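Let me begin by presenting the structure, written as structure tokens, before commenting on it.
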Amino acid sequence: MLDIPTTHKELFKTIGEAAESINQQVFVVGGYVRDFYLNRLNSDSITDIDFVTVGSGIELAKSVAKILNTDQVSVFKKFGTAQVKHQKLDLEFVGARKESYRRDSRKPIVEDGSLKDDQLRRDLTINALSWNLNPDTFGTLFDPFNGIQDLKKGLIRTPIDPATTFDDDPLRMMRAVRFASQLNFEIEENTFNAIKKMAPRLSIISKERILDELNKIIMSPKPSVGFSLLLNTELLHQFFPEMVNLLGVEERNGHSHKDNFWHTLEVLDNTAKMGGDLWLRWAAILHDIAKPPTKRFSKSAGWTFHGHDALGAKWVPKIFKRFGLPLDERMRYVKKLVRLHLRPIALVSDEVSDSAVRRLIYEAGDDIDDLMLLCRADITSKNDWKVKTYRNNFDRVESKIEEVEEKDQMRNWKNPISGEDIMKALDTKPGPVIGRVKDRIKDAILDGEVANNYDDAYQYLLRIKDDYLDK
Ligand code: ATP
Ligand code: MG
């Protein structure tokens, strides 16, 4: 008997009986079965389970809902599918089908089919495994394409000729890479070659679906696995040319710079190891994105990338927009980290003034800790001594930050002087001068010339106001 959580077993039996009562065969298929054999079934994180039936998926869903005594059934007539919500689970029912595709669209022409027909149209052998749930044959495995063997070997392979699988739905190329990255599997040679050949077909896939898979690659335990595959299959070239541009090393007069593509992947893996969320990982991906256009060589300084931080930050909104990533505070967070990622290094020297530290705390606000994480992830030297030194340097910067924080509480700082105060003092109306005065007060406070409170700041305003009268 299947060694799965009891609640699922009971549910599967109920579904098997429901199918039997309407004379249909039913199977659980896809991710659930795959994850069972991979020992990664985690009943807390399962949100949806897929069932395929020979016959009508809609009729079966209705019959299941009746037995489970729920009216939470959604029917999608156009697709011949239905969904039953049961406790925290979405149970998806579909009739077994045969599909054929037109070249210009993912929308299939669908006919009824057998279980095998249905397995044939799935993306990967490891996703085509299924168990029968009818009472007499409960738990019987159907694995017509040696998916179990591929799971054991750690192989990503299509059930049929990969050219057909990918031509029918090019998104499957992204899914192949995504599963390779999540599971740390290899892509079987024919499948790999087919992806490489057909990568340009990704152009018919919507950016939302591409982003969905890309974000799953980014969130996998070692995202570099997926990104190396994206690069080598040239899928990356289809949607992320800026990242491909990071690839390569140039040498001049015996000086070479590091390969910024592989460096970026190391930084990304490091953020993953630190438990970084999607947005910290995006910051890692984009932190050096503008290195290629800022690259210079001079005899005195060797290779430099001056301004890649500012230019990279400038690119963040347009890259986010193109991918369909959110253009809200999450974008601003990534932009901020890209812009500031060199600043902590500049604070390493002993002579650094409090005011430089204060400025960074002010600019980073609550994201200062994440910025320090990114900087630590950015240490990718192969030289242990260097790594140790850099880490110690950041330890020192962090204690400086703590010290200054404790003294002045600059995080989320707000200017104590308002625009109203300035207009009153200058006896003037709103205009650009107000912003200039406000900035000067801000600078004076951040530089430690004026104490961080209303009274001192107001006295300062009175002292400087003559500079702005009639101007
Ligand atoms: P997870 O939900 O853990 O990401 P999953 O395998 O359940 O993995 P889903 O996207 O939920 O992935 O899809 C469920 C099943 O439907 C897959 O296992 C696969 O059999 C099939 N499937 C999904 N998308 C495609 C596709 N584009 N082409 C072919 N089959 C697909
Ligand atoms: Mg799923």
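Nothing in this text is a laboratory measurement; each read-out follows from the coordinates by a stated rule. All of these numbers come straight from a predicted model, not from anything done at the bench. Because the Cβ atoms are built from the backbone with ideal geometry, glycine has one as well, and the counts that use them run over all protein chains shown.
Peptides 119-126, 352-359, 428-435, 155-162 ranked from most to least packed, by the mean per-residue count of other Cβ atoms within 10 Å: 119-126, 155-162, 352-359, 428-435.
Candidate cross-link partners of Lys196 among the lysines, defined by an alpha-carbon separation under 24 Å and a same-chain spacing of 8 or more, comprise Lys107, Lys153, Lys207, Lys216, Lys222.
Fraction of C-alpha pairs exceeding 21 angstrom in region 176-315: 47 percent, rounded to a whole number. The alpha carbon radius of gyration of region 237-315, expressed as a multiple of 2.2 N^0.38 Å, is 1.17. Using only Cα coordinates, the Kirkwood hydrodynamic radius of the chain works out to 26.5 Å. Partners of Lys152 within straight-line reach, counting aspartates and glutamates whose Cα lies under 14 Å from its Cα and excluding those fewer than 8 residues away in the same chain: Asp35, Asp143, Glu186, Glu188. Counting every C-alpha pair in region 419-468, the share spaced more than 15 angstrom apart comes to 37%.
Compared with the dominant Cα axis of the chain, that is its longest principal axis, helix 6-21 is turned about 40°. Counted over all Cα-Cα pairs of region 6-153, pairs farther apart than 19 Å make up 51 percent.
Of the Cα atoms belonging to region 208-270, the radius of gyration and Dmax stand at 13.2, 46 Å.
For the chain, the longest principal axis of the alpha carbon atoms and the long axis of helix 308-323 meet at an angle near 30°. Cross-link pairs exceeding 18 Å between alpha carbons, from the set Lys258/Lys291; Lys335/Lys386; Lys258/Lys295; Lys9/Lys88; Lys414/Lys438; Lys429/Lys465: Lys335/Lys386. For Tyr460, neighbours were defined as the other residues whose beta-carbon sits under 14 Å from its Cβ, and their charges (Lys and Arg +1, Asp and Glu -1) total -4. Note on region 108-168: along the principal axes its Cα atoms extend 38, 34, 11 Å, ordered by decreasing extent.
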